[in-house]
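Here's the structure we're looking at; comments come further down.
The values are calculated or read from the model by the stated rules, or taken from the named source; none is laboratory data. Source: prediction; values computed, not measured. Glycine gets a Cβ as well: all are built from the backbone with ideal geometry, and neighbour counts include every protein chain shown. Accessible surface is based on the protein model in full, side chains and every heavy atom, while ligands, DNA and RNA are left aside. Shrake-Rupley method; radii C 1.70, N 1.55, O 1.52, S 1.80 Å.
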Amino acid sequence: MAHSHDTHHHTHGHGDHPDAETMATVLDLDAAVNGHYLHEVFDRIAALVPEPRTIVDLGSGTGTGTLALARRFTSSQIVALDNSAELLERVARAAQQAGLDGQVRTVTADLDSALPDDITDVDVAWASSTLHHFADAQSLLRSTFRALRPGGVLAVVEIAQPPTFLPTESADGEMEQRLRDAILGKGWNGGWNGRPDWEPTITAAGFEIVETRDIPTDLDNPPAAAADYAVEWLTRVRSGLTGVASADDLAAVDRLLHDNNPTSLRQRDDLVVRSSRIAWIARRPETS
């Protein structure tokens with residue numbers, strides 16, 4: 001495969017080894033701001049498998065997807081798989097607090113090349129912003145194919161464009177576009193230089209693609225969580241920009257992150273959220 005994989009896959013990071021707690025915060029804020037993508041993909045899944053009994057979440061992280069799946073598919077058992085016991089404890093606690101613990105089971109698993117052997121007769125496999133972290137995604141998808149019942153659905157979601165938060169016509173917005181280009185140029189998000197394309201990996205594992213869907217986020221009046229999300233996101237990417245971005249742009253980022261500065265992210269009232277995801281909806285053919 002032409003793209004590289006990083007090794008800190010258990011926290012779904014796109015930066016340099018963020019600890020699980022920071023990572024969890026970013027993922028939770030991302031869901032609070034961009035959660036609409038979940039419902040759009042769930043609608044596509046429900047059209048193919050109206051009442052799934054078993055759904056596996058491949059790399060459940062903080063459990064955003066796990067809990068959303070449990071809420072949407074109320075007669076399903078959701079199996080949250082991750083190699084971080086710490087994050088899985090967090091998922092179990094969140095499920096209990098939401099009254100969903102009867103639907104959610106957590107399993108510590110190394111998904112670098114295969115599902116645990118005892119996971120079978122699956123109706124839906126969900127992988128959101130995780131596939132690029134596994135060492136051998138194709139091998140993992142082959143084992144997922146075997147675990148799915150014929151007609152079962154695989155949904156893979158990845159971020160296509162990292163988020164930006166400032167109006168494009170402003171100087172800060174132009175700086176943010178330069179940073180985004182620098183991040184994309186570094187082979188962000190699992191080594192893709194630009195738009196990720198998981199279709200060949202998915203079909204090589206035996207699946208047929210039902211549809212590929214672009215899901216943009218374009219919020220002019222984002223929820224209050226957007227400021228925290230912007231700060232967490234920029235703080236994470238900041239460490240990877242040294243030597244890539246200009247000194248002036250790095251100074252501008254530091255100013256945006258300095259809460260006491262009147263033009264900092266937390267002091268502004270002109271924040272927007274622009275990003276996009278790609279969803280690949282695939283299925284195991286009925287006759288396989």
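Observations
- Residue match in region 187-200 (condition: surrounded by fewer than 14 Cβ atoms within 10 Å (Cβ to Cβ) and under 30 Å from GLY152 (Cβ atoms)): yes
- Within region 245-267, the only residue that satisfies the criterion of being open to solvent by 20 Å² or more (accessible area, probe 1.4 Å) and of a type in the set (Val, Ile, Thr) is THR263.
- Selection status of GLU174, touching a residue at least 24 places away in the same chain (Cβ under 8 Å) and of a type outside the set (Val, Ile, Thr): no
- Filter result for ASP270 (assigned to a loop (DSSP other than H, G, I, E, B), farther than 18 Å from THR168 by Cα and open to solvent by 50 Å² or more (accessible area, probe 1.4 Å)): no
- Residue check for VAL104: β-branched (Val, Ile, Thr), closer than 24 Å to ASP197 by Cα, over 15 Å from the mean Cα position of the chain (by Cα) and open to solvent by less than 60 Å² (accessible area, probe 1.4 Å): no
- Within region 214-244, if we keep just the residues that are in a strand (DSSP E or B) and open to solvent by 70 Å² or more (accessible area, probe 1.4 Å), the residue that is farthest from VAL26 (Cα to Cα) turns out to be ASP214.
- Test: residue in region 61-68 that is among the small types (Gly, Ala, Ser), surrounded by 17 or more Cβ atoms within 10 Å (Cβ to Cβ), over 20 Å from ALA279 (Cα atoms) and under 19 Å from the mean Cα position of the chain (by Cα): no
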